[in-house]
Amino acid sequence: MSTAFPRALIVGASSGIGATLALKLAGTGAKVAAVARRQAELDALAAQSAGRVLPYAGDVLDYAATPALFDRIVDDLGGLDLFIYNAGVMPPVEESEYNFDKDRQMIEVNFLAAVQWSNLAAAHFEAARAGVLCGVSSVAGERGRRGSPVYTASKAGLTAYFEAMRNRLTRYGVRVVTIKPGPVETPMTAGLKLPLMITADQAANEIVSALEGGATEAFVPGIWRPIMFVVRNVPSFVFTKTNI
Amino acid sequence: MPPRPLAQSPRKVFDGFGFCQRSVSAFVQPRSVEDVAAVLSRASEEGVRLGMRGSGRSYGDAALNGGGLILDMRHMGRVLSWDAERGVIEAEPGLTIRELWTRTLADGWWPPVVSGTAWPTLGGCVAMNIHGKNHFRMGGISDHVLELDLITPGGEHVTLSPTRDPELFFAVLGGFGMLGVVTRIKLQLKRVYSGRLKVQQFHTPTLQSQLERFEQHTQDSDYLVSWVDCITSGAGLGRAQIHRATYLHEGEDPDGVAMLSPAKQDLPGHIMGVPKSIVPKLLKLFSFNLGMQAVNLVKYAASVVGSTKPYLQGHAAFHFLLDYVPEFRQSYAPGGFIQYQPFVPKEAALPVLTEILRRSQRAGIVSYLGVLKRYRPDRVLLPHALDGYSLAMDFPVTAANKADLWRLCGELSDVVTEAGGRFYPAKDSVLRPQDVQRAWGQDRLSRFAALRRRADPRGVLRTEWAERVGLDVFDR
Ligand SMILES: Cc1cc2nc3c(=O)[nH]c(=O)nc-3n(C[C@H](O)[C@H](O)[C@H](O)COP(=O)(O)OP(=O)(O)OC[C@H]3O[C@@H](n4cnc5c(N)ncnc54)[C@H](O)[C@@H]3O)c2cc1C
Ligand SMILES: NC(=O)c1ccc[n+]([C@@H]2O[C@H](COP(=O)([O-])OP(=O)(O)OC[C@H]3O[C@@H](n4cnc5c(N)ncnc54)[C@H](OP(=O)(O)O)[C@@H]3O)[C@@H](O)[C@H]2O)c1
């Protein structure tokens with residue numbers, strides 16, 4: 001089987017979208033390094049993929065360990081063609097709750113650690129004059145929302161960071177891809193009732209075709225593009241009065 | 001809190017000036033001798049390999065250390081003392097040639113040896129033992145260094161001079177940063193009485209006539225350089241335009257003293273009548289052989305019909321023309337380019353340079369322009385100079401020509417070493433271990449290895465160039 005990305009790395013690959021993506025890419029023949037904290041889940045992926053998914057237990061908040069882990073993975077894979085930062089957290093935040101512990105975790109996992117990992121991959125790709133750098137952001141990053149101020153801020157930051165990386169790296173032959181899923185059924189959204197919800201399998205299929213098809217920005221599913229076009233243009237005063 | 005391990009320092013993509021060699025390294029930017037000493041001892045303890053870098057003006061991989069640590073010396077660039085009576089400057093290694101002359105020229109002193117660009121740092125200049133268009137007369141920069149301070153990975157802090165540990169002194173000069181970090185340089189400058197030089201141009205219709213002209217003028221010139229048409233074959237093979245320059249004596253140039261002002265040195269906004277900013281685009285347009293052939297023809301024709309009458313030109317304009325073409329490298333985008341600069345003994349120059357030009361033409365890989373210079377023997381342990389000539393050629397690198405280009409350069413290197421020739425690490429991307437072994441010989445390499453064992457017993461220092469040509473292997 002021929003794969004577009006023989007050597008891939010997914011950070012945040014132990015469940016939900018990341019785990020499904022890892023298996024799908026492995027199914028195309030790729031070797032996929034999978035990073036997350038839960039070793040048992042990663043080992044299960046390795047077993048399911050006949051060893052094509054390579055587990056690397058690690059916490060993205062262990063900033064001191066990250067550079068060496070990245071180097072080891074690139075070494076083990078013998079190079080890198082595709083990098084995906086998918087790790088993310090969205091702890092429930094109640095109405096009128098101002099909780100720095102949760103805020104900090106979201107900013108660190110969704111944004112700060114994303115910057116650290118993606119910078120490492122970006123430097124590698126820039127020097128190689130090749131590669132695909134992908135970040136899983138969210139439609140939630142398009143506007144600040146009253147129900148999840150810091151989650152939306154972390155994703156807005158991630159989207160802006162990836163846009164800047166695209167402006168920096170396209171000239172070097174590196175493709176930078178921003179994925180913006182709408183609601184997806186995963187452990188993150190367990191128990192939540194959200195509009196236009198799709199399965200992780202559907203989401204992973206759409207992401208793989210965006211990666212293979214040469215996209216630089218993909219709404220998942222595509223219907224979110226026109227919706228978000230409208231939402232982006234709704235005047236701020238409307239948001240202050242509604243529950244969006 | 002213990003200091004962060006060196007391997008976790010910020011990273012950057014570094015390239016050589018030809019931007020076809022690149023790699024990612026962690027980097028640190030020392031600001032003092034203490035910083036340098038601390039990094040060296042920690043690198044040793046933490047098992048990190050490190051290489052120094054000045055302005056990164058070496059063309060290939062001499063200032064690269066992918067996967068390791070780069071010691072970026074540019075933030076250690078103070079002038080420590082300046083004696084305007086005797087023309088002696090003491091400076092930290094990050095001082096650039098440009099910063100040097102802008103400080104000293106108004107007092108009537110110019111660096112005795114400068115490269116074709118003013119951006120290199122003094123550290124990079126002494127580590128490579130740079131040459132100018134006057135090596136046949138003034139030697140390399142090593143001939144003007146009065147003293148050096150060196151910190152070795154082994155922990156020694158030493159002051160070196162032609163009389164204090166000369167063996168190590170003449171190995172550090174031209175030792176491409178493999179013996180330690182140079183932290184202070186004391187340099188003797190050259191007295192000048194005008195901010196300008198007297199320049200004369202001639203054309204020479206063949207390679208032979210070019211070499212004869214050079215030999216004629218080594219006695220009565222301070223600078224000699226020629227721009228060689230590498231494209232024309234047959235009877236006009238190696239035809240060139242020679243530039244010869246001399247210093248002006250006291251009183252010879254009525255505006256001489258006024259021209260010593262650094263502000264008077266910078267070039268106007270036009271180069272040969274073309275606005276500077278569009279020169280790279282023009283070059284890019286001509287970056288195919290046919291176009292370049294037309295350019296060569298026009299340049300050559302201009303010099304044939306043009307006057308050989310001497311004219312006056314500022315030092316900076318004479319030496320650093322390329323610096324005034326913003327981003328001229330972009331004419332080689334996206335693949336970049338390499339420079340190949342063999343050095344050939346004078347007796348062998350005619351046949352060997354003829355062979356080099358013919359072979360590259362036959363392979364269909366031709367330099368757009370060649371630069372010929374004349375040298376005298378050099379005292380450093382690993383010299384590139386010898387009593388003879390060098391021909392520097394720029395070759396664009398593309399995905400399609402890369403393998404052929406490297407093969408061609410390998411063949412040319414065989415021809416060069418066969419004739420007793422040498423090479424220059426600052427201008428290299430293609431040398432193989434056997435080329436370096438033949439060029440310098442086992443005796444010089446063994447002496448260098450012995451000094452390495454003393455200065456860097458744990459093998460902390462590394463550059464991609466040193467590794468590629470096998471110096472690490474010779475050592476151990
Ligand atoms: C347009 C152009 C024209 C040129 N013309 C000439 C020319 O006419 N003649 C000539 O000789 N060269 C020429 N060069 C080459 C250039 O002079 C050398 O490559 C010089 O070494 C560049 O200095 P740098 O500060 O950029 O050093 P880098 O390229 O950054 O480093 C060069 C070497 O010096 C070592 N080094 C740097 N700092 C220190 C330190 N403090 N202690 C110990 N080692 C150190 C590095 O490890 C490396 O091995 C030219 C280059 C360009 C781009
Ligand atoms: N589900 C949605 O509706 C939706 C919508 C838009 C965007 N997204 C985004 O899609 C991405 C994937 O989410 P998901 O829905 O698939 O949720 P998920 O199943 O909870 O997956 C999150 C992944 O991130 C990893 N992770 C979290 N914290 C980590 C840490 N400190 N170190 C290493 N890995 C860490 C988790 O691994 P461990 O717990 O094993 O460490 C897990 O693999 C997230 O970025 C999310 O924001 C989701």
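Summary table
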| read-out | value |
| --- | --- |
| Solvent-accessible ranking of A:I207, A:I17, largest area first, probe 1.4 Å | A:I17, A:I207 |
| Area accessible to solvent at A:D103, 1.4 Å probe radius, in Å² | 40 Å² |
| Among beta bridges that DSSP assigns inside the protein assembly as shown, antiparallel share in %, nearest 5 | 65 percent |
| Nearest-10 value in Å² for the accessible area of A:K31, using the 1.4 Å probe | 70 Å² |
| The range B:79-191 - Debye-derived log10 I(q)/I(0), Cα point model, q = 0.23 Å⁻¹ | -1.36 |
| Cα-based helix-to-principal-axis angle, B:33-46 vs chain B, degrees rounded to 10 | 70 degrees |
| 0 to 90° range, to nearest 10: angle between helix B:349-363 axis and chain B longest Cα axis | 90 degrees |
| Kyte-Doolittle at least 1.0, axis length at least 15 Å by Cα - qualifying DSSP helices, chain A | A:16-27 |
| Percentage of interatomic Cα-Cα distances in chain B larger than 29 Å | 48 percent |
| Interface area, A with B, accessible, probe 1.4 Å, both sides summed, Å² nearest 100 | 700 Å² |
| Relative contact order, percent, chain B [alpha-carbon distance under 8 Å, six or more residues apart] | 18 percent |
| Solvent-accessible area per residue, Å², over chain B with all protein chains present [probe radius 1.4 Å] | 39 Å² |
| Distant-in-sequence amide H partners of B:G16 (H built 1.01 Å from N, under 5 Å) | B:Q21 |
| Dipole magnitude of the range B:142-270, debye to nearest 20 (Cβ charges: Lys/Arg +1, Asp/Glu -1, about Cα centre) | 240 debye |
| Accessible surface of chain A, 1.4 Å probe, proportion on carbon and sulfur as whole % | 56 percent |
| Residue order for A:S236, A:S154 - accessible surface, 1.4 angstrom probe, largest first | A:S236, A:S154 |
| Relative packing of peptides B:49-56, B:18-25 - highest average C-beta neighbours within 10 Å first | B:49-56, B:18-25 |
| Lys/Arg +1, Asp/Glu -1 at C-beta; the protein assembly as shown dipole; positive extreme among B:S32, A:L21, A:V231 | A:V231 |
| Cleavage-rule hits (GluC sites (Glu not before Pro)) in the range B:201-256: DSSP loop, at most 16 neighbouring Cβ within 10 angstrom | B:E250, B:E252 |
| Under 5 Å, built H, 5+ apart or other chain: amide partners of B:T206 | B:A240 |
| Candidate residues A:E185, A:E95: accessible-area rank, largest first, probe 1.4 Å | A:E95, A:E185 |
| Built amide H within the under 5 Å cut-off of B:K190, gap 5+ | B:W110 |
| Accessible surface of B:W440 - all protein chains present, 1.4 Å probe, nearest 10 Å² | 20 Å² |
| A:L61 paired with B:Q434, simple spin-label distance in nm, labels 7 Å along Cα-to-beta-carbon | 5.9 nm |
| Loop-resident sites, the range A:193-244, for trypsin sites (Lys or Arg not before Pro), counting at most 10 other Cβ within 10 Å (DSSP) | A:K193 |
| Mean residue ellipticity (222 nm) of chain B, computed from DSSP H runs ≥ 4 via -39,500 (n - 2.57), nearest 500 | -9000 deg cm²/dmol |
| Relative contact order %, chain A, counting alpha carbon pairs below 8 Å whose residues are six or more apart | 18 percent |
| Fraction of the pair-distance distribution of the protein assembly as shown above 36 Å, Cα-Cα pairs, percent | 51 percent |
| Average partner coverage of B:403-411, which counts Cβ from other chains inside 10 Å | 0 |
| Degrees separating the helix B:402-418 axis from the principal Cα axis of chain B, which is the longest one | 90 degrees |
| Within chain A, helix-based [θ] at 222 nm, where runs of 4 or more DSSP H residues each add -39,500 (n - 2.57), nearest 500 | -13500 deg cm²/dmol |
| Estimated FRET transfer efficiency (B:R447, A:A44; beta-carbon r; R0 51 Å; 0.05) | 0.25 |
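The values are calculated or read from the model by the stated rules, or taken from the named source; none is laboratory data. Predicted model, so just to flag it, every value in this text is computed and none were measured. Don't worry about glycine lacking a Cβ; one is built from the backbone with ideal geometry, like all the others, and counts go over all protein chains shown. Heavy atoms of the whole protein, side chains included, go into the accessibility calculation; ligands, DNA and RNA do not. Shrake-Rupley method; radii C 1.70, N 1.55, O 1.52, S 1.80 Å.
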